[in-house]
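The values are calculated or read from the model by the stated rules, or taken from the named source; none is laboratory data. Keep in mind that this is a model prediction, so the values were computed, not measured. Cβ placement follows ideal geometry from the backbone for every residue including glycine, while neighbour counts extend to all protein chains displayed.
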Amino acid sequence: MQKQFIHKQLIYKGGGIMTNSGEYMRGFTDYVVLSILSKFDSYGYEIGKIIENVSEQQIQVTEAALYFALKRLLEDNKISSYREANKKGMNRRYYQITPEGKHSLNEFRKDWVQIESTISSLVEGEFEYTRED
């Protein structure tokens, strides 16, 4: 099945439209951000671009949602921030994962296999259920 991207919708040739938004990311944004920051320190705009590029533009997190996640992670002591000048001399706020953030991410990763499997079974209809009358 071929797909073609147009604006914020994913249109499958010969068929339906799948909305391409951050809705799919709502419950996972914090962990995606922590995962990115576990690789290297980064700033908000770059984190958003990484998500878009890795997902091949299928997932776009709004700037507001991303900065709310960053704020929440800062308040929960899972990340910290510092300011640093870039090559052009502009100050950027960089974020880095803390030991508490690493612990939280590692705990989530342990649960992720089960979460992914369960959601796949439910969404794909690959489950058994017997109704009790």
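Quick look at the numbers
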| quantity | calculated |
| --- | --- |
| Selection within region 49-107 - buried (at least 18 other Cβ atoms within 10 Å of the Cβ) and part of a helix (DSSP H, G or I) | I51, L66, A69, L70, L73, G101, S104, L105 |
| Extreme residue, farthest from N106 (Cα to Cα), among residues of region 35-48 that are part of a helix (DSSP H, G or I) and of a type in the set (S, T, Y) | Y45 |
| Residues within region 6-47 that are closer than 13 Å to Q60 by Cα, among the small types (G, A, S) and at pLDDT below 55, tallied | 1 |
| Residue within region 23-32 that is outside any strand (DSSP E or B), surrounded by 11 or more Cβ atoms within 10 Å (Cβ to Cβ) and of a type in the set (G, A, S) present | no |
